[in-house]
Amino acid sequence: MKKTFLLLCLFSLIVPVNGQRKVKSPEPFGPLPTQKQITWNEMEFYAFVHFSLNTFTNKEWGYGDESPELFNPTALDVRQWARIVKEAGMKGIILVAKHHDGFCLWPSAYTERSVKNSPWKDGKGDLIKELAAACKEYDLKLGLYLSPWDRNHPEYGKPGYITYFRNQLKELLTNYGDVFEMWFDGANGGDGYYGGANETRKINSLEYYNWDETYKLIYKTAPNTLVWGVGPSEARWIGNEEGRAGKTNWSLLRQKDELAGKVHYTAFMSGHEDGEKWVPGEADVSIRPGWFYHAIEDEKVRSLDEMVDIYYESIGRNANLLLNLPVDRRGLVHENDEARLKELVATIKEDFKTELLSGSKVSADNVRGNNTEFAAKNAIDGNKNTYWATDDNVKTASIVFEFDKPTAVNRILLQEYIKLGQRVKAFTVEAKIDGKWQTIANETTIGYKRILRLNRVVASALKVTITDSKASVIISTIQAFNAPTFVRVPEIQRDKNGTVTIKSEEGNRIYYTLDGSDPSAKSTLYKAPFNYNKAVEIKAIAINTSENISSTIKIAKYGASKEKWKIVAISSGDLNTAHRIIDGNPDTDWSFGSETIKLPQEIVIDMGVILSINGFTYIPQQVGNALNLISNYEFYTSVDNVKWTLQSQGEFSNIKNNPIEQVKTFTAVKARYIRFVAKSAVGKKQTVSIGEINILEQQ
Ligand code: FUL
């Protein structure tokens, strides 16, 4: 108070009578965003829709030979999509206009492989046109995904396809109004139908598309469209399909290196502190395991816990969140997906219900030119165009917020004024608890937006200290909240012998049921691991007893336990450790093949009894950096380990980008023995790993 008074006196000496001395605004520092990128960052949250032939063939990647006649939604309603997206507070929808199989959701003039040859609306429909109208009605922005890889096109890999690709781009960017984002996926080249050639075509995606020319065409046609993905893009993939950005996340990228093939995609999670271009991250993730709709995943919609984590680890870590809603065969967003999305939005809304700093007394130990235009209060005035800034060369500074009375806090939200660059390299948060300052967070970057989830403290004041910055500090927003306690769902595990272990955060009680009913505080209290080796659906909840708050319900479905399972043969590798494939724990894996022993390689499992099975799952290696992933497989069954029948074969599409459990189904058969053949691996590898093999039992 005293200090402020003195400063004011000082000012009165130097300011003209009619106002304050004008202090120059800070100079921008480093690579800067364009207005287009800022507007895009401010969208924060928007939807992805994967809906195409794959929806009807139950695939993740089509081969390119599927008939357009399979596209036959029974109750397609794009207004339902738009309503759900709008109600969730999302700002737009990116529709997959053409996926890798080449089928187009609009009647392109350049191909017959489109909705015009489908039964939907007797071939008269145009899904993009319909969606563009629905977006307009609901005040949403429209984005489009055009797969550069086309497994159908006869000329893919040759110059003719580039002309085709660019012609389609022109169609999409001229016929449907504004397109806020053009999405180019990185999956490129491999086997496919290619007009009947049925062969493998490899291309160098950095050269083949001549991205410079392609981008010129886009900007000429649609200067407001932001281009994502491959080429000299304006936003980058976050490096995983789990929707998670790095804690440290620069909106900068060494794009020149990237375009020279020198950057591994794992670097995308954090960007490059010394990047020469502003290329912010976009975190894409599906609300279910797959990108396309599969009825088998109706019960596998990501849990609320996971969705909340995704929100905080994308939007809360300086990335935009692109959430996929896989539209089903009716042509609608499924009820389960809508319900989960609503739960997510309700949770986030509650978390940010009451802002706590706007009424606090705020001060900073350095303010640019001691001028109110850059004062600490600008960080809490709710105006994104004003900011607290320090003097040039002042790269460490603190801002303090004093409350009227001790206040409970567990969320801190910070924003840099990115128009002038991303600067902060490190910062801490301290809370004054019982008169003493305690550090409650020690973090790195901020960027457009950073949100910290912290343990609840009751503080009389908070202090944010920028401990390291590339240049003077410019912060537009700091907010604090006290989110309701969120009780995480318990984890359920069952090992090979049927021993069930359920875990929750310390201090919580766990209740469970084994008969399919919903658990409550009246159900069985979990005390210690127990044995249950029959087929079962275990449901469990955790209850925080001090606040009497319950988690959502965790459901784990199991077939008969693998107690009697044995690995009876492997074509290479160590038989003694191969049991990791069937130990009930996907985090323990086992490898076979090697640089000298080439694929294909196989294992044979004896399930001990004859079962009626209608599918299997392969969980790829989960732990490690360079996962050894199987890309093509064969699966056989036998009742006697002599006569074998092939039940399923094909590819594990998209396993490289999304190494999740791969589910393959077939018509039910009786079997005691199963044989799994790894035909080929992702990349040129000869070694592959298996986390776990499961079977699907016919109920
Ligand atoms: C991936 C594609 O291969 C998937 O099929 C999906 O479209 C996803 C968003 O990008 O790389």
Of the residues in the range 529-551, those that are crowded, with 18+ Cβ neighbours inside 10 Å and either assigned by TED's automatic domain parsing to the domain that holds V604 or touching a residue at least 40 places away in the same chain (Cβ under 8 Å) (or both) come to I538, A540, I541, A542, I543, N544, S550, S551
Going by the structure shown, is V367 free of Cβ contacts under 8 Å to residues at least 40 places away in the same chain and either over 32 Å from the mean Cα position of the chain (by Cα) or surrounded by 18 or more Cβ atoms within 10 Å (Cβ to Cβ) (or both)?
-> yes
Filter result for the condition that a residue is in contact with a helix residue (DSSP H, G or I) (Cβ under 6 Å, 6 or more places away or on another chain), within 16 Å of the ligand (Cβ to nearest atom) and either of a type in the set (K, R) or not in a helix (DSSP H, G or I) (or both), over Y176, Y145, Y156 | Y156
Check the range 213-227 and report whether any residue there is within 16 Å of the ligand (Cβ to nearest atom) and either hydroxyl-bearing (S, T, Y) or closer than 29 Å to H153 by Cα (or both).
-> yes
Selected residue (criterion: modelled with the lowest pLDDT) from residues of the range 191-203 that are in contact with an Asp or Glu (Cβ under 9 Å, 6 or more places away or on another chain) and surrounded by 14 or more Cβ atoms within 10 Å (Cβ to Cβ) = D191
Going by the conditions given, is G683 within 16 Å of the ligand (Cβ to nearest atom), part of a strand (DSSP E or B) and surrounded by fewer than 18 Cβ atoms within 10 Å (Cβ to Cβ)?
-> no
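Give the number of residues within the range 611-662 that are of a type in the set (D, E, K, R) and not in a loop (DSSP other than H, G, I, E, B).
First pass over the range 611-662, keeping only residues of a type in the set (D, E, K, R): 634, 640, 643, 651, 656, 661.
Still in the running and not in a loop (DSSP other than H, G, I, E, B): 634, 651.
Qualifying residue count, the range 611-662: 2.
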How many of the residues in the range 629-663 are of a type in the set (A, V, I, L, M) and over 17 Å from E241 (Cα atoms)?
-> 5
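Just for the range 85-119: of the residues that are assigned to a loop (DSSP other than H, G, I, E, B) and within 16 Å of the ligand (Cβ to nearest atom), which one is nearest to V179 (Cα to Cα)?
Only one residue tops the list, namely L105.
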Unique residue being in contact with a strand residue (DSSP E or B) (Cβ under 9 Å, 6 or more places away or on another chain) and closer than 28 Å to P28 by Cα when the list is A375, A408 = A375
For the range 37-82, what are the residues that are more than 16 Å from the ligand (Cβ to nearest atom), among the β-branched types (V, I, T) and touching a residue at least 24 places away in the same chain (Cβ under 8 Å)?
-> I38, T74, V78
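Rundown of residues vs (1) modelled with pLDDT under 95; (2) over 29 Å from Y311 (Cβ atoms); (3) surrounded by fewer than 16 Cβ atoms within 10 Å (Cβ to Cβ), yes/no style:
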position	(1), (2), (3)
K220	no, yes, yes
V227	no, no, no
V230	yes, no, no
A235	no, no, no
N249	no, no, no
Q255	no, no, no
E258	no, no, no
G261	yes, yes, yes
Going by the structure shown, is E130 free of Cβ contacts under 8 Å to residues at least 60 places away in the same chain and either over 15 Å from Y176 (Cβ atoms) or within 16 Å of the ligand (Cβ to nearest atom) (or both)?
-> no
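The values are calculated or read from the model by the stated rules, or taken from the named source; none is laboratory data. None of the values given here were measured: they were computed from a predicted structure. Backbone-built Cβ (ideal geometry, glycine too); neighbour counts: all protein chains shown.
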